[in-house]
Amino acid sequence: MRAFTGSEPLVGEVVGLRTFRVDESGLLLPLYSDRSWYDGINCATCAPPTGERERRDHQIASPDCDCGFYAFGSAEAAGRYRNSRYVQAVVSCWGSVVAGTLGIRAERARIVAIWLGPGAPSWVIKRVALTYPSARIYLDRDEMLGEHPLSVLPCYETPKPASLRRRLVLPMAGAALIGLGLVPSQALHGALWDTWLGVSVALAVLLAWLTLFSKATGHAALAVVMAGLLAWFAAPLFGLAGWLLRLPALRAACVVGGGYLATLRPGYFPIVRAPAVPRFRGVVA
Ligand SMILES: [Zn+2]
């Protein structure tokens with residue numbers, strides 16, 4: 001059994017919890033899609049985030065696909081996302097519903113109640129309330145969960161916190177890579193040279209694939225990150241002038257670091273800028 005699949009299709013209504021982003025017009029957006037949810041019934045489609053066309057050859061939220069509206073089965077599971085500290089919503093799901101260890105995927109869903117965190121400006125709260133008149137707005141999350149209890153399914157498991165070792169692997173690997181790009185070219189020999197060459201070639205191949213062959217959403221942005229990393233790795237070959245190649249990566253680190261520090265400000269509440277074009281109905285997320 002996986003996080004959101006593995007059970008036989010369920011019958012009836014299942015209540016789950018989601019986290020959303022909120023835009024300045026008061027619409028709720030999934031974390032990884034700009035297709036907003038609407039007041040009342042939302043119907044999922046099977047449109048993979050790779051830009052492929054909508055698929056209609058199977059039941060939405062079938063055990064054999066990843067489509068459908070996702071919802072967590074518990075507050076602990078929903079808390080895995082950082083955005084859950086700002087916006088959460090209780091959603092009622094029905095139609096074809098498949099469950100896993102952390103939550104469900106469903107064909108249809110409706111927002112029942114919305115909690116907005118302590119930093120939410122009053123104008124955002126008003127706009128969300130106007131956009132979702134059939135949902136009740138809460139400023140106290142416990143009160144929302146007390147009045148709208150989540151469904152308890154036997155397949156749910158309490159999520160285990162990641163071990164310290166697992167949490168350290170990625171930062172340590174990142175630090176090692178950054179350090180390798182700082183080694184002067186005269187010191188690059190033996191095993192160090194082999195590692196440097198291997199990583200550089202791997203980055204170049206990945207960049208070429210992302211640029212020439214992949215059309216998936218987010219891959220263009222990933223290609224820019226890869227190009228910055230490749231420039232960082234090539235820098236030791238150019239001595240002092242190599243610092244020019246390191247500038248894009250250093251600038252990106254400042255922007256990302258500054259953005260993260262801004263989220264630590266007391267009363268911070270993220271609001272997405274609303275796009276100028278209208279969104280379409282029919283959502284996958
Ligand atoms: Zn599908």
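Calculation over all alpha carbon pairs of the chain in 5 angstrom steps from 0 returns a P(r) of 1, 5, 10, 12, 14, 13, 13, 11, 9, 6, 4, 2, 1, 0 percent.
A simple spin-label model places the labels of Ala187 and Arg251 2.8 nm from each other, with each point 7 Å out along Cα-to-Cβ. In this label model, Glu13 and Phe213 are separated by 4.9 nm, measuring between points 7 Å along each Cα→Cβ vector. Here the label points at Asp66 and Arg2, each 7 Å from Cα along the C-beta direction, are separated by 0.7 nm in the simple model.
Can you tell me what share of the DSSP beta bridges in the chain is antiparallel? A percent to the nearest 5 is fine.
85
Per-residue 3J(HN,Hα) values for the stretch 225-235, derived from phi via the Karplus relation 6.51 cos²θ - 1.76 cosθ + 1.60 with θ = phi - 60°, read 4, 5, 4, x, 5, 5, 4, 4, 6, 6, 3 Hz in sequence order (x marks Gly and Pro).
Computed over the Cα atoms, what is the radius of gyration of the stretch 99-184 divided by 2.2 N^0.38 Å, N being its residue count?
Relative to the rule-of-thumb radius for its length, the stretch 99-184 sits at 1.74.
In plain terms, if you count all Cα to Cα distances in the stretch 1-157 and split them into 5 Å steps from zero, the share in each step is 2, 10, 19, 23, 21, 14, 8, 3, 1 percent. Sorted from longest to shortest, the spans of the Cα atoms of the stretch 179-248 along the three principal axes equal 39, 25, 16 Å. Comparing Ser25, Ala221, Ala262 along the charge dipole axis of the chain, the residue lying farthest to the positive side is Ala262, per the Cβ-charge model. Taking amide H atoms as placed 1.01 Å from N in the peptide plane, the amide H of Gly103 lies under 5 Å from those of Gly73, each 5 or more residues away in sequence or on another chain. Under the criterion of Cα pairs below 8 Å and six or more residues apart, the relative contact order for the chain equals 25 percent.
FYI, it's all coordinate maths here, none of it is from the lab. What you are looking at is a predicted structure, and each value in this text was computed from that prediction instead of being measured. Using ideal geometry, Cβ is built from the backbone for each residue, glycine included, and neighbour counts are taken over all protein chains shown.
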